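Quick notes on the structure that follows.
The values are calculated or read from the model by the stated rules, or taken from the named source; none is laboratory data. Bear in mind that the values here come from a model prediction, so they are computed numbers and not experimental data. Here Cβ is always computed from backbone atoms with ideal geometry, including for glycine, and neighbour counts include all displayed protein chains.
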Amino acid sequence: MLCLGLAWLGCGAGVAGARVLGYHVEDFFRPVALSSPQLSPDGEHVTFVTTRRRRATVMVREIESGRERVVHSANADTGMITELRWLTDERLAYQESFGTLVAINANLSNRTELFSAGRVLLGWGFLLLGDFAYPRVLSRLPDEPDHILVHALGRDGLPEVSRVEVHTGDSEVVQGGQRDVYSWIADRAGVVRIGMQYQRGRERLLYRETPGARWRSLDRVMPDDGGRFAYSGRTLAGRRHHFLGFARDADLFYLASNAGRDRAALFTYRLSTGEQTLLAEDPVYDLFAHGQDYLAPVFSPRTGDLAGIYYEADKQRALWFDPAFEALQAAVDALLPETINFITGMDAAENRFVVFSASSRHKGLVHLYDRGSGELTALAEADRRFRAEDMSAMRPVRFTGRDGHALHGYLTVPKDHPEGVPNRTVVLIHGGPWIRDTYGYHPEVQFLAYHGFTVLQVNFRGSTGYGFAHLDALRGDLGDPAVRDILDGVDWAVARGYADPDRVAAMGASYGGLATLRAMAVAPDRFRAGVAVAGVYDIPEQLRHTRRSAPRMGYEFWREMTGGIWNRRELREMSPLGSVDRVRAPVFVAHGMQDFVVPPEQSEELVGALAAAGVAHEFLRLEDSGHGTGPMRDRILLYERIMRFLNEHVKEEKR
């Protein structure tokens, strides 16, 4: 029951609504046409992925002249670039759709296939752990500039590490595969020192102090917490550790962890002594959130140490340990005060920096910052047809739930809506439930706001990023704590004058669909309409499906969080199917007929129950779509129908 947010479903053209507008669905949901900007070590070139003729395209640009070259264009509309990085000053590597790793010079000469793809994934269990086994560059070798380490599957189907010559593709294995090890990690000198192991239902870190030494377990990195946290060790719930990388001192590495504490913090760990030292923490937010896994480390190429991190708070924040980088961030922010600015790349001498800038109203811009001159030069824009001034600002909000706990979320009011006038509102409920809403550009938020809806997002209990107690609150009860928080958010928006209590709709996908139906049943008078996409409405049946078709680790996770199928009476009480007779407002239901995560029978069963209960409803079958995936025609149809439904049942006030 892996659940995706509604944003995964949105990409289309045209809209059916009451007004003719300057923007259409495709403008909001069009895939970002710029990503992965990488600066060459000498700072003379930048490479990035853009979209040309609907195909992902790798470009390289000479900084001084501005000349651009097309390095590679994907073979189909669905092709994507899954690896892009510089190997030397003149040579870069790219990969299409987890396939063969290719190297080429910036002038397009000497194209060489470095490593063939082989098998793409090392089993479904490792897919769930989030580590793909496609060929990828593990590290450059600082003492051997013409060689790199490549992580890929060997002939025995186990991950191994090879030393590869970047011009010829000649290779030799330097770390063979070991049973149950699904990923290898090298230190900054290129020595493989860490192995990620999944064995007998437990995930472990293995390490060795020197090359050739015996592998040992890093279980001691998980100190005794006196039973404070319920954690089986068999799932992704509970304590989490995220390896960030080695320091220049190969005996020291950085990790984020919530072992023995409520919120994940940043630590250093010394291999030889087992000494674990707190480096940074936030009093409110996790520095690393399960499910979202957003924590971007920035390493200094000059010193080899961790210079700082970006992490999710109310907005994305930077935390710097190197004063030079802190000053750099301040200088960039002073030049770009309206956006959140991320340092995503730099040259080896730390003179030139690639900066990605984004906001809730813009899909993103890329700049080049020169530390010496202090000049900021625009390199590219994610979507030139999209103007930030036409969009609506998202603002972080905080309020207190009825149970006395702090709640966080986001409010987006249409940009032209009069201040202090309550508006028709959509409470947009994220999937998961173990993910979170974040600040930034979100297509469905801007789509709804542009069409006159205020959008409220609540990071209800069960959401990640706010500590273990907040995340674990849905263990054994997937509905009520989250629904109470969502309803408290609606009450807050009404009390503050943002939402018109007579014109509120609920909307969500996957788990968000479940929560939408639960909220409409618990508080039938609060909502004028509901939109549920690819939702789970019969939890016992979904657990049976998960047991049959999902990786074992996925099933173990859901069994731990729900109590298992033998808890069927309680699970039925949590399921929306058991309470549809209390729903009063009309419901729009949509589901992809090729959905193998949440089968379409879930929505078909819901529609039958709504009909039996006399609840007005519409049902849209997306014939060729899966769970958050699908062709353009299905996506167009989905958002056309959603907007038509909302406009019909949550009407725009005449002024």
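If the condition is being under 26 Å from the mean Cα position of the chain (by Cα) and assigned to a loop (DSSP other than H, G, I, E, B), then region 248-280 contributes Asn258, Ala259, Gly260, Arg261, Asp262, Arg263, Ala264. The single condition from (1) buried (at least 19 other Cβ atoms within 10 Å of the Cβ); (2) hydroxyl-bearing (Ser, Thr, Tyr); (3) assigned to a loop (DSSP other than H, G, I, E, B) that Thr303 fails is (1).
Name the residue, out of Gly374, Gly364, that is of a type outside the set (Lys, Arg), closer than 25 Å to Ile343 by Cβ and touching an Asp or Glu at 6+ places or on another chain (Cβ under 8 Å). Before you say what the answer is, go through the steps one by one.
Numbers: Gly374 fails: touching an Asp or Glu at 6+ places or on another chain (Cβ under 8 Å).
Of Gly374, Gly364, the one residue that is of a type outside the set (Lys, Arg), closer than 25 Å to Ile343 by Cβ and touching an Asp or Glu at 6+ places or on another chain (Cβ under 8 Å) is Gly364.
Within region 50-80, the set of residues being outside any loop (DSSP other than H, G, I, E, B) and modelled with pLDDT under 90 comprises Thr50, Thr51, Arg52, Arg55, Ala56. Residues in region 348-360: is at least one acidic (Asp, Glu), on the phi > 0 side of the Ramachandran plot and in contact (Cβ under 8 Å) with a residue 40 or more places away in the chain? Within region 348-360, one or more residues are acidic (Asp, Glu), on the phi > 0 side of the Ramachandran plot and in contact (Cβ under 8 Å) with a residue 40 or more places away in the chain.
Counting only residues that are modelled with pLDDT under 90 and in contact with a His (Cβ under 8 Å, 6 or more places away or on another chain), give me the strands (runs of 3 or more DSSP E) lying completely in region 130-244 with at least 1 of them.
Working: elements: 136-140, 147-153, 159-165, 171-175, 181-186, 192-199, 202-207.
In region 130-244, 181-186, 202-207 are the strands (runs of 3 or more DSSP E) which contain 1 or more residues that are modelled with pLDDT under 90 and in contact with a His (Cβ under 8 Å, 6 or more places away or on another chain).
Taking every residue in region 631-652 that is modelled with pLDDT of 95 or more and pairing it with any residue that is surrounded by 20 or more Cβ atoms within 10 Å (Cβ to Cβ) and of a type in the set (Gly, Ala, Ser), at least 6 positions away or on another chain, the pairs with Cβ-Cβ distances below 7 Å are Phe645/Ala529; Leu646/Ala505; Leu646/Ala529; His649/Ala529; Val650/Ala505; Val650/Ala529. Of all residues in region 527-566, those that are farther than 28 Å from Leu622 by Cβ and free of Cβ contacts under 8 Å to residues at least 40 places away in the same chain total 4.
Kindly indicate which of Glu640, Glu605, Glu570 is closer than 14 Å to Gly513 by Cβ, surrounded by fewer than 21 Cβ atoms within 10 Å (Cβ to Cβ) and either within 24 Å of the chain's Cα centre (by Cα) or among the charged types (D, E, K, R) (or both). I'd like the intermediate steps shown before the answer.
On the way: Glu640 fails: closer than 14 Å to Gly513 by Cβ; Glu570 fails: closer than 14 Å to Gly513 by Cβ.
Within the list Glu640, Glu605, Glu570, the selection yields Glu605.
The helices (runs of 4 or more DSSP H) found entirely in region 530-627 that carry 3 or more residues being within 21 Å of Leu428 (Cβ to Cβ) are 601-612.
In region 615-628, is there at least one residue being aromatic (Phe, Trp, Tyr) and closer than 22 Å to Ala521 by Cα? Yes, the conditions are met somewhere in region 615-628. One residue stands out among those in region 314-339 that are of a type in the set (S, T, N, Q) and not in a helix (DSSP H, G or I): the one that is surrounded by the fewest Cβ atoms within 10 Å (Cβ to Cβ), which is Gln316. Selection of region 620-636 for residues being farther than 20 Å from Ala76 by Cβ and in contact with a Leu (Cβ under 9 Å, 6 or more places away or on another chain) yields Leu620, Leu622, His627. Only strands (runs of 3 or more DSSP E) whose full extent lies in region 354-420 are considered here, and the ones with at least 1 residues that are touching a Phe, Trp or Tyr at 6+ places or on another chain (Cβ under 9 Å) and acidic (Asp, Glu) are 362-370. Within region 489-503, the set of residues being of a type outside the set (A, V, I, L, M) and touching a strand residue (DSSP E or B) at 6+ places or on another chain (Cβ under 8 Å) comprises Gly489, Trp492, Tyr498, Asp500, Arg503. Taken as a whole, the condition of being buried (at least 16 other Cβ atoms within 10 Å of the Cβ), at pLDDT 95 or above and either among the hydrophobic types (A, V, I, L, M, F, W, C) or closer than 13 Å to Ala296 by Cα (or both) does not apply to Phe342. Among the conditions (1) touching a residue at least 24 places away in the same chain (Cβ under 8 Å); (2) more than 24 Å from the chain's Cα centre (by Cα); (3) not in a loop (DSSP other than H, G, I, E, B), Thr344 misses just one, which is (2).
Just need a number here: residues in region 443-501 that are assigned to a strand (DSSP E or B) and surrounded by fewer than 22 Cβ atoms within 10 Å (Cβ to Cβ). Show your work before the answer.
To start, the set of residues in region 443-501 that are assigned to a strand (DSSP E or B) comprises 454-458, 461, 463, 499-501.
If we keep only those that are surrounded by fewer than 22 Cβ atoms within 10 Å (Cβ to Cβ) as well, we get 500-501.
Adding up the residues that qualify gives 2.
Evaluate the following for Ala515: is it modelled with pLDDT of 90 or more, under 22 Å from the mean Cα position of the chain (by Cα) and in a helix (DSSP H, G or I)? Against the criterion (modelled with pLDDT of 90 or more, under 22 Å from the mean Cα position of the chain (by Cα) and in a helix (DSSP H, G or I)), Ala515 qualifies.
Take Val46 and tell me if it is outside the structural domain of Ile148 (by TED's automatic domain parsing), modelled with pLDDT of 80 or more, touching a Lys or Arg at 6+ places or on another chain (Cβ under 7 Å) and outside any loop (DSSP other than H, G, I, E, B). Against the criterion (outside the structural domain of Ile148 (by TED's automatic domain parsing), modelled with pLDDT of 80 or more, touching a Lys or Arg at 6+ places or on another chain (Cβ under 7 Å) and outside any loop (DSSP other than H, G, I, E, B)), Val46 qualifies.
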